[in-house]
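First up is the structure itself, then whatever we jot down about it.
What follows is calculated from the coordinates using simple rules that are stated; it is not laboratory data. On a predicted model such as this, the values are computed, not experimentally measured, just so you know. Note that each Cβ is placed from the backbone with ideal geometry, even for glycine, and that neighbours are counted across all protein chains shown.
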Amino acid sequence: DELTLEMVTDEERDYMYSEYAKDPRMKRNVGIRRRLAPLIDNDRRVTELLHAMLFSLPGSPIMYYGDEIGMGDNIYLGDRDSVRTPMQWSPDRNAGFSRADFAALYLPPLMDPVYGYQAVNVEAHTRDQSSLLYWTRRMLEVRKQHPVFGTGTFEVLSSGNPSALAFVREGSDPESGERDVVMCVNNLSRFAQPVELHLAHYEGWVPHELLGRVPFPPIGELPYFVTLPPYGFYWFQLVPPS
């Protein structure tokens, strides 16, 4: 619950403070005590991109409670309590977290106009199929269908664009034993970006976008071009020629 900056240089730490902790109350020791949503100005595109990278890079993805609905923080609370407010389950009393008297709560629920529990809560997200919660569940469902995200090899691809990160996760399906190859392409820029991928060793394979199940043009000998929207990403399953 603290974004520690102990392992970075003084210059990098100063940059992080200037960008993400302009108010001194947002700092804690040599770290930042903020939640993801307010840290990135509640930008849904950035939220989705960061979670897509979290779910697709090597290692076990760990989400902090409330990030799946875009909960905010309360920098007026001391220590790390700014990011430890009650989970916002519903717009009911105490955000549906407790039936206790409000004064008896260890920490008060958020009540600001943007991130307050009256607007941001699990109940509201459950009713809205375009919500961040629905999107997160869909991403986790796709990830579960492809164990390669958790156990596959990791190879960074040259993209010809410093604003893009592309990599391949490859392994075998534990049930069928079939080869499973997933390619992830991420745009870390606020502008649309062209990406040039050298995939000659996958010539003839067809990229299938995993979220929409949309097939893209087959891979050939020449570099493979993809245009990404601002803060956009693609998860492709590379399907071998039949």
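Before moving on, here are some points about what is shown:
- Counted charge near L54, where neighbours are those whose Cβ lies closer than 14 Å (Asp, Glu -1; Lys, Arg +1): -1
- Under a model in which nothing but the beta-carbon of Lys, Arg (+1) and Asp, Glu (-1) is charged, the stretch 61-157 shows a dipole of about 280 debye around its Cα centre.
- For the stretch 1-125, the Kirkwood hydrodynamic radius comes to 15.6 Å, computed from all pairs of different C-alpha atoms.
- Neighbour-count ranking [beta-carbon atoms within 10 angstrom, fewest first] of M111, M53: M111, M53
- Packing-based order for 25-32, 178-185, using average beta carbon neighbours within 10 Å, highest first: 178-185, 25-32
- Put in line by how crowded their Cβ is, counting other Cβ atoms within 10 Å and starting with the fewest, V239, V226 read V239, V226.
- Which label in (1) 18.7; (2) 19.5; (3) 20.1 gives the computed Kirkwood radius over Cα pairs in Å: (3)
- Theoretical gain in end-to-end length, R13 to T126 [0.36 nm per residue, Cα-Cα removed]: 36.9 nm
- Maximal additional length on extending the L211-E175 stretch stands at 10.8 nm, based on 0.36 nm per residue less the C-alpha distance.
- Counting neighbouring beta carbons within 10 Å and listing from fewest to most, the residues R33, R45 come out as R45, R33.
- The relative contact order of the chain, computed from alpha carbon pairs under 8 Å that lie at least 6 residues apart in sequence, is 14 percent.
- Subtracting the Cα-Cα distance of A104 and Y134 from their residue separation scaled by 0.36 nm leaves 7.5 nm.
- Cα-centre dipole for the chain with unit charges at Cβ (Lys and Arg positive, Asp and Glu negative), debye to 20: 600 debye
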